[in-house]
Amino acid sequence: MESIRDKIDRIKARKMKVCIFGAGKMGTGFWYDMLKNLQIEPRYFCDNDPDKWGKEVKDGIRCISPGELTEKENCACFILIGIFKISTIKKQLYDMGIETVVTFSDLYMLDEVHRIFYSQPYLYDEGLYRKRLEILEQGDERKIEIWNPNNKKIAVYTCITGNYEEVLEPKVISDECDYFVISDEKPKGTKIYQWIATKDVVPDWVEDHVRRNRYCKINGEKIFKNYRYSIYIDGSDRIIGDIGQYADRTGKCGIALRPHLLYPDLDVYTEAIQCVSCHLDEEDLIRWQIESYRKENMPANFGMFECGFIVRDHRNKLCQEIMERWWKEVFTRSSRDQLSFTYCLWKSGMCACDVGIIGKGRLDGGVQGVTTVHYHH
């Protein structure tokens with residue numbers, strides 16, 4: 001298979017006409033500038049949105065339709081759009097006869113991208129970090145205790161803060177589990193999930209919606225301390241199988257996760273680039289956070305996991321230590337929890353192989369070919 005390095009060299013050597021597929025923030029912002037830094041000059045934008053066709057997008061470059069793109073010869077396409085559309089657009093381009101296709105996840109693999117990204121200056125005021133650190137050290141976390149009257153082994157829960165449309169209730173119920181939803185207001189029509197008010201479990205000093213969600217997500221062993229295990233799933237996931245089976249899959253550190261959606265052997269340094277390029281948090285904050293990890297000699301290629309499906313063994317001391325450290329990072333630094341999890345794992349003396357593995361990633365949606373948690377679009 002042709003490497004991304006070989007593909008980029010071929011695009012330059014053949015002086016191919018470069019088209020950016022995606023005339024949104026990713027295509028016109030971070031990755032547009034990155035391509036120019038890589039000495040790749042975009043000639044066209046292309047998009048499936050007809051309202052953008054024929055209009056100038058950036059620097060005098062106009063957006064063409066997919067039909068017009070098929071008429072261009074010696075053309076290479078860079079897909080710079082949301083991750084869940086990549087496979088669809090890639091198939092579309094191949095079906096159109098475009099043979100040279102590059103995605104932003106391919107570009108992450110280039111050393112030049114890392115060198116360019118990490119050579120750029122940033123300015124971050126550490127005052128907010130110190131303020132949050134002080135709040136965390138003085139904060140009182142005493143809240144209501146979730147009882148376990150039926151002596152179930154596992155608390156399965158999701159957390160939805162802020163505005164939301166629906167709660168996706170489990171299709172299959174395990175006898176070993178109790179099911180909970182933590183939300184600001186009681187959801188309508190829930191029959192399986194037991195409701196827990198966010199204000200009853202989240203400390204008052206956690207004010208923003210994102211971190212209130214992250215508090216619940218990360219601190220399952222505190223909220224559900226009367227259960228042996230907790231299993232957290234994102235609000236966008238629906239349980240359609242026996243989720244109780246995963247309690248026995250926690251690794252040495254008492255945690256089980258899904259491998260990373262794209263490449264399980266990536267690291268926080270690549271994740272930082274993704275977060276910035278997708279505008280997932282404040283750019284200077286992310287740069288400052290990752291630079292602090294670099295100064296601590298956080299190793300590259302340490303590994304990466306998805307953090308939307310978490311299994312925890314509450315009796316495992318390492319699990320408790322990692323979760324406490326993880327919450328500290330998410331509260332005081334970037335709220336992008338995936339950015340800091342493996343750092344916390346490393347700081348606790350663990351490696352990626354000490355984490356139990358669930359399935360093959362979100363897009364696969366299954367475990368050994370049997371769908372158990374399905375992504376809901």
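The values are calculated or read from the model by the stated rules, or taken from the named source; none is laboratory data. Please read all numbers here as calculations on a predicted model, not as lab measurements. Here Cβ is always computed from backbone atoms with ideal geometry, including for glycine, and neighbour counts include all displayed protein chains. Remember, those area values only see protein heavy atoms, side chains included, never the ligands or the DNA or RNA. Shrake-Rupley method; radii C 1.70, N 1.55, O 1.52, S 1.80 Å.
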Query - Qualifying positions in region 188-206 - of a type outside the set (Val, Ile, Thr) and not in a loop (DSSP other than H, G, I, E, B) - result: 194, 195, 197, 199, 200
**Report entry** Candidate set from region 320-377 (those that are touching an Asp or Glu at 6+ places or on another chain (Cβ under 7 Å) and charged (D, E, K, R)); member that is modelled with the lowest pLDDT
**Finding:** 362
Query raised in the report: Which one of these does residue 187 not meet: (1) open to solvent by 20 Å² or more (accessible area, probe 1.4 Å); (2) at negative phi?
Result: (1)
**Report entry** Residue satisfying condition, being at pLDDT below 95, closer than 17 Å to residue 314 by Cα and assigned to a loop (DSSP other than H, G, I, E, B), within set 169, 165, 145, 185
**Finding:** 145
Query - Where residue 210 falls short, out of the listed (1) farther than 30 Å from residue 178 by Cβ; (2) open to solvent by 40 Å² or more (accessible area, probe 1.4 Å) - result: (1)
Query raised in the report: Of all residues in region 1-20 being closer than 20 Å to residue 116 by Cβ and not charged (D, E, K, R), which is most open to solvent (accessible area, probe 1.4 Å)?
Result: 3
Requested in this report: Quick one: in region 240-256, of everything that is open to solvent by 10 Å² or more (accessible area, probe 1.4 Å) and in contact with a strand residue (DSSP E or B) (Cβ under 6 Å, 6 or more places away or on another chain), which residue is nearest to residue 169 (Cα to Cα)?
Outcome: 240
Query raised in the report: Got at least one residue in region 16-24 being out of contact with any Cys (no Cβ under 8 Å at 6 or more places or on another chain) and at pLDDT below 95?
Result: yes
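Let's see how each residue does on (1) buried (at least 17 other Cβ atoms within 10 Å of the Cβ); (2) in contact with a Phe, Trp or Tyr (Cβ under 6 Å, 6 or more places away or on another chain):
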| position | (1), (2) |
| --- | --- |
| 273 | yes, yes |
| 291 | no, no |
| 298 | yes, yes |
| 303 | yes, no |
| 308 | yes, no |
| 317 | no, no |
| 327 | yes, no |
Query raised in the report: Out of region 275-285, which residues are under 20 Å from residue 83 (Cα atoms) and either open to solvent by 10 Å² or more (accessible area, probe 1.4 Å) or of a type in the set (A, V, I, L, M) (or both)?
Result: 276, 278, 279, 280, 281, 282, 283
Query - Total residues in region 333-344, condition surrounded by 21 or more Cβ atoms within 10 Å (Cβ to Cβ) and in contact with a Lys or Arg (Cβ under 9 Å, 6 or more places away or on another chain) - result: 6
Report summary line: Conditions (1) in a loop (DSSP other than H, G, I, E, B); (2) open to solvent by 50 Å² or more (accessible area, probe 1.4 Å) -> residue 23 fails only (2)
Report task. Mind counting the residues in region 126-145 that are open to solvent by 70 Å² or more (accessible area, probe 1.4 Å) and among the aliphatic types (A, V, I, L, M)? Result -> 2
**Report entry** Index of the failed condition, residue 297 passing every other in (1) in contact with a helix residue (DSSP H, G or I) (Cβ under 7 Å, 6 or more places away or on another chain); (2) without any contact (Cβ under 8 Å) to a residue 12 or more places away in the chain
**Finding:** (1)
